[in-house]
Every structure is written in structure tokens, then in C-alpha cells.
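The values are calculated or read from the model by the stated rules, or taken from the named source; none is laboratory data. Here the structure is a predicted model, which means the values were calculated and not measured. Positions of Cβ are backbone-derived with ideal geometry, glycine not excepted, and every protein chain shown enters the neighbour counts. We work out accessible area using only protein heavy atoms, side chains counted, and drop any ligands, DNA or RNA first. Shrake-Rupley method; radii C 1.70, N 1.55, O 1.52, S 1.80 Å.
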Amino acid sequence: GLLGDALRALDELFLVVVVGEFNSGKSTLINALLGQRLLPEGVVPTTNEVSVIKHCEEGADRCGEGEREADGLFVWRFPAPILREVSIVDTPGTNV
């Protein structure tokens, strides 16, 4: 039920969702938080779908790569320390 869903959600990491207009530096900000360029950056739209960046251990399978999960969500896995505490959501520009 609803209470069970809420209790399970408490065990998950917080989501930091980065939202803004096209070409406002959302992916650049996320790359700065990660300490490395994982997401493409550019003057034309580079993010065309919502994606989640989650933590992985260095050297783990698919660490540093992105893939579509069974539910259709695109997930990047990256060994950045900040991702031990939060997962980051990258979004397309709000005016695209």
C-alpha cells in the first residue's frame, strides 16, 4: 500500500533533479558535480530524455556507461563520491 511504498522510498537515495531551459548548463553543472565529463555538453541540445546518474564501484560491469533499463529509464552509472549520497537526474531543456 501507500505506507509501504513510502517506507521503501525512505531507504533509497535522494534524487537531485537538474531542470532548466535549453543551453543553460545543466549537463555542465552535473559534470562539475561528478568531477569528470560524463554527459555530453554543447550549444545545441544534448539531453533529449530524462536520465538518472547512479553510483557504481570503479571497475564494476558497465561502470561509466549508460543503458536503458527494463522500465524504459535511461541510467548512467559512475563512480563519483557524490553519487554515494544522491542520485542525479538530468533533464532536457524545458523550452525544447
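Structure data summary
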read-out	value
Index of the failed condition, Cys63 passing every other in (1) exposed (fewer than 15 other Cβ atoms within 10 Å of the Cβ); (2) modelled with pLDDT of 85 or more; (3) touching a helix residue (DSSP H, G or I) at 6+ places or on another chain (Cβ under 9 Å)	(3)
From the options Val50, Val19, residue that is open to solvent by 60 Å² or more (accessible area, probe 1.4 Å) and in contact with a helix residue (DSSP H, G or I) (Cβ under 9 Å, 6 or more places away or on another chain)	Val19
Test result for Pro40, in contact with a Phe, Trp or Tyr (Cβ under 9 Å, 6 or more places away or on another chain) and modelled with pLDDT under 85	no
Strands (runs of 3 or more DSSP E) enclosed by the chain - at least 3 residues per element that are without any contact (Cβ under 8 Å) to a residue 40 or more places away in the chain	51-55, 66-68, 74-78
Gly35 being under 15 Å from Pro81 (Cβ atoms) and at pLDDT 85 or above	yes
Any hit, the stretch 41-64, residues being more than 14 Å from Ala80 (Cβ to Cβ), acidic (Asp, Glu) and in contact with a Pro (Cβ under 8 Å, 6 or more places away or on another chain)	yes
